[in-house]
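Peer 1: Got a structure for you, questions after.
The values are calculated or read from the model by the stated rules, or taken from the named source; none is laboratory data. This structure is a prediction, so every number in the text was calculated from the model and none was measured. Using ideal geometry, Cβ is built from the backbone for each residue, glycine included, and neighbour counts are taken over all protein chains shown. Quick note on the areas: whole protein, heavy atoms, side chains included, nothing else; ligands and nucleic acids left out. Shrake-Rupley method; radii C 1.70, N 1.55, O 1.52, S 1.80 Å.
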Amino acid sequence: QVQLVESGGGLVQPGGSLRLSCAASGSIFRVHTMGWYRQAPGKQRELVAAITSGGSTNYADSVKGRFTISRDNAKKTVYLQMNSLKPEDTAIYYCNADLQSSWYAGLKNDWGQGTQVTVSS
């Protein structure tokens with residue numbers, strides 16, 4: 001069974017930093033694009049940042065210059081370093097990944113369970 005397990009959320013003051021991690025486990029041949037989404041109360045889930053297996057990245061305009069996405073392919077793990085956090089960054093952050101279970105299988109998109117990030121003084 002394939003799982004995406006997030007960690008690193010919590011409560012932080014405005015201007016502070018947090019680092020989120022998401023590890024893929026289970027029967028996985030290859031992990032393709034990985035990303036982070038977030039959903040604030042009463043709002044739609046939105047893309048925060050994504051990174052391909054080759055390391056190409058893209059970010060939401062609202063986090064450019066503050067957040068950095070990275071990955072360790074050997075560990076099947078993606079990270080989100082969040083700096084200069086603002087109250088409007090408060091949301092549940094979800095890990096997302098395109099996973100391939102074998103060399104002949106197609107891609108399956110999967111989600112983590114989510115981790116709460118709260119930015120408040």
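Peer 1: Output the residue which, of all residues in the stretch 45-65 that are within 18 Å of ALA97 (Cβ to Cβ) and of a type in the set (D, E, K, R), is surrounded by the most Cβ atoms within 10 Å (Cβ to Cβ).
Peer 2: ARG45
Peer 1: Can you confirm whether the stretch 66-85 contains a residue that is exposed (fewer than 14 other Cβ atoms within 10 Å of the Cβ), outside any loop (DSSP other than H, G, I, E, B) and either without any contact (Cβ under 8 Å) to a residue 12 or more places away in the chain or at positive phi (or both)?
Peer 2: For the stretch 66-85, residues exposed (fewer than 14 other Cβ atoms within 10 Å of the Cβ), outside any loop (DSSP other than H, G, I, E, B) and either without any contact (Cβ under 8 Å) to a residue 12 or more places away in the chain or at positive phi (or both): present.
Peer 1: Name the single residue, out of those in the stretch 4-31 being part of a strand (DSSP E or B), touching a residue at least 60 places away in the same chain (Cβ under 8 Å) and open to solvent by 40 Å² or more (accessible area, probe 1.4 Å), that is nearest to LYS86 (Cα to Cα). Walk me through how you get there before you give the answer.
Peer 2: Restricting attention to the stretch 4-31, the residues satisfying the condition of being part of a strand (DSSP E or B) are 4-7, 10-12, 18-25, 30-31.
Pick out the ones that are also touching a residue at least 60 places away in the same chain (Cβ under 8 Å) and you get 4-7, 10-12, 18-20, 22, 24, 30-31.
In the following step, the residues that additionally are open to solvent by 40 Å² or more (accessible area, probe 1.4 Å) were identified as 5, 7, 11, 19, 30.
On the way: VAL5: 25, SER7: 20, LEU11: 12, ARG19: 14, ARG30: 35 Å.
Of everything passing the filter in the stretch 4-31, LEU11 is nearest to LYS86 (Cα to Cα).
Peer 1: A further question on this structure: Where residues in the stretch 89-121 are open to solvent by less than 40 Å² (accessible area, probe 1.4 Å), assigned to a strand (DSSP E or B) and aliphatic (A, V, I, L, M), which of them is modelled with the lowest pLDDT?
Peer 2: LEU99
Peer 1: Further, regarding this structure: What pairs can you find where one residue is in the stretch 32-44 and closer than 7 Å to ALA97 by Cα and open to solvent by 30 Å² or more (accessible area, probe 1.4 Å), the other is among the β-branched types (Val, Ile, Thr) and assigned to a strand (DSSP E or B), and their Cβ atoms are less than 8 Å apart, with a gap of 6+ or different chains?
Peer 2: As it stands, the answer is THR33/ILE51, since those pairs meet every condition given.
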